[in-house]
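The values are calculated or read from the model by the stated rules, or taken from the named source; none is laboratory data. Keep in mind that this is a model prediction, so the values were computed, not measured. Backbone-built Cβ (ideal geometry, glycine too); neighbour counts: all protein chains shown. Please note that ligands, DNA and RNA were not included when accessible areas were found on the heavy atoms of the full protein model with its side chains. Shrake-Rupley method; radii C 1.70, N 1.55, O 1.52, S 1.80 Å.
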Amino acid sequence: MSSSMSLPISEIPHQTPARSLSFYLVLIFCILPVWSIPIFSWSFVLYELGGGGLWALSRQRKALFTYALAEVLFSIYHYYLYKFVDGPCPIPPGDPGELALAFKRIVQTGLADLSQGSYDEETLDVSRPASPAESIKRLSPTDPRAIDFQNQFRNWFGGVPWSQIRKKEMCTWLYWSIFNDHIPDWDKIPPVRLKALLECLDLVEKRTGTTIPEGSNPDAYPKLVTLDPVNIRWRPLIYYLFITLCDFVIKQSLIHFWGMAHGTRHGLDYLVRVPPTWDASNGPTPIVFLHGLSLGLILYSTGIYSLLTWLPDRPLFILLQPHISQQIFHPRFLVPKTRKETVAIMRQLFIDFGWAPSLAEAQKGVADRPKLRGITLASHSNGSYVHAWLLKDAPDLVARSLFIDPVTFCGWEGDLCLKFLYNRATTGIQLKMNYFFSTELGTSNQLQRQFDWISNTLFFDEIPHACDPMRNKFILAHNDVVFCAPRIKKYLMSHGVRKGLYYNPQGQHGLAFIPGTEPFKELIAWLNEPEHY
């Protein structure tokens, strides 16, 4: 006990706790009844076909056979889609120079030697404060900054003690993170790639204050998210039909009772409502909401109804993302729009709505037209990736940003990878998250085959007016089961975010969308603040 307490935190192995009672209750009463439907369907169909008396079945038994046969056929189709998703990652390698620069920025993060409660004041007086521009010098292995980096970085290697990671595994991970590919034999690495690889390895060794030992340790083999076999659990046809039906009912209620309209532009679906009394020049900025992983709109219906109720005087635009909403019957379920396509389509939509000026108007100015201030961009969880795309490629469109449980920050630390994709569930809520979300076909496709970490990682300096609480709001929950909220809090506060951060010490992921909770009140209060800027 005393020897483990004397070790630095980066040398203490991650311990998986024993499975709780809630795990087994959820497994027996929630997961198994859904998971076992295809098994019973196959058994029933084979039994009836083997008996030879199919046409002599009663009406009720024929109906049951028809349903079971549909489940059997769907399970074959689901397996076909699984094999399609489990193929090679379609995301091509990025530019080595750009990726190496991004990696350098990651290594620089947290280098500023700050006291508790202080922050890096560098260029915080401008609209886009820079990431810490600290020079990258070799740290001492006992430096708290080095130990902290070691402790977070080892998440990619299964949480083994940092000293157990060897050069072969480290280079394997670096090569994947830069080139989205398996590392070939050392003498077959192209010179340009080898140069970038060695530069990144040198940065890691400087930042951690260690020299990665030669050799290999299979126990520390890294997680290669887009190359590893996809982790998918089957689901029955009735599961997807239920989600599709509920999603249809919610959308119809939003259209017929709340005045929203459904639209599609070049394969991008959305819902939008513009109050007839809203004025583009003097009214509040339109809200654009980017939802996260969901079951259709089921999990967000209450939050959407609340936005329509509490903010009736301003437009609301909801980007529908079927690829992360388990909409398996949607034509773009496994073929989501790319970053470039999404930003281009959304820009044109906002121009057509009269919410944002065209690029020509923004550059030249139009004297006889009121100034358009842009949008209030709100995102939750996985939706913060699209949020990041818009801030990177179209910051002129965004007047204000609201991040709720954002996963776009600090993705390099591996917490999201470890907790969401590779986590061994030990509690009921972890098991539900694992089965109903992280191992679902569309979710696995998005996070393990369509994931571009450079596009999806948002650095602090890419947020316009990041420290202005009127322009930017960050809502975090301490007990978030998807990512490590305290790390995001630390990252934001190290760059000077104070009034713009709401941190709920007892909160859970998604609590901000439940009316009556403190995070929900904070969300509505910020959206209702006067927009003087």
Notebook entry, point to check: Computed FRET efficiency, Cβ-Cβ of GLU98 and LEU241, R0 41 Å: what is it to the nearest 0.05?
Noted result: 0.40
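On average, how much accessible surface per residue is there in region 7-55, in Å², for a 1.4 Å probe, leaving out ligands, DNA and RNA? Let's see the in-between values first.
Working: 3360 Å² over 49 residues.
Result: 69 Å² of accessible area for each residue.
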Check: If you roll a 1.4 Å probe over region 379-494 with all protein chains in place, what percent of the accessible area is carbon or sulfur?
Finding: 56
Next item on the list: Over 18 Å between C-alpha atoms is what I'm after, so list which of LYS206/LYS489; LYS104/LYS137; LYS104/LYS195; LYS251/LYS521; LYS168/LYS188 land there.
Entry: LYS206/LYS489; LYS251/LYS521
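Leaving ligands, DNA and RNA out of it, report the carbon-plus-sulfur percent of the accessible area of region 169-212 at a 1.4 Å probe.
Numbers: 1090 of 1860 Å².
C and S atoms contribute 59 percent here.
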Item checked: Over the chain - Rg/Rh using Cα atoms and the Kirkwood inverse-distance radius -> 0.99
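Give the accessible surface of region 392-511 per residue, rounded to a whole number of Å², with probe radius 1.4 Å and ligands, DNA and RNA excluded. Walk me through the numbers before you get to the answer.
Working: 3490 Å² over 120 residues.
Solvent-accessible surface per residue comes out at 29 Å².
Counting only heavy atoms of protein chains, what accessible area per residue, in Å², does region 178-235 have with a probe of 1.4 Å? If you can, show how the numbers build up before the last one.
On the way: 2970 Å² over 58 residues.
Result: 51 Å² of accessible area for each residue.
Leaving ligands, DNA and RNA out of it, report the carbon-plus-sulfur percent of the accessible area of region 1-114 at a 1.4 Å probe. Let's see the in-between values first.
Details: 5130 of 7470 Å².
Solvent-exposed carbon and sulfur of region 1-114 make up 69 percent of the total.
Ranking request for peptides 308-316, 167-175: highest mean number of other beta-carbon atoms within 10 Å first, then the rest in descending order. Show your work: numbers first, answer last.
Numbers: 308-316: 16.3, 167-175: 20.2.
Packing proxy ranking, top to bottom: 167-175, 308-316.
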Next item on the list: For the chain, return all DSSP H helices satisfying: extent of Cα atoms along own axis at least 24 Å; mean Kyte-Doolittle hydropathy at least 0.5.
Entry: 237-258
Notebook entry, point to check: If we restrict to alpha carbons, what Rg and Dmax does region 301-436 come to, in Å?
Noted result: 18.0, 62
Checklist line | Tensor-based shape of region 187-230 (alpha-carbon gyration tensor, a/c under 1.5 rounded, otherwise prolate or oblate) | finding: oblate
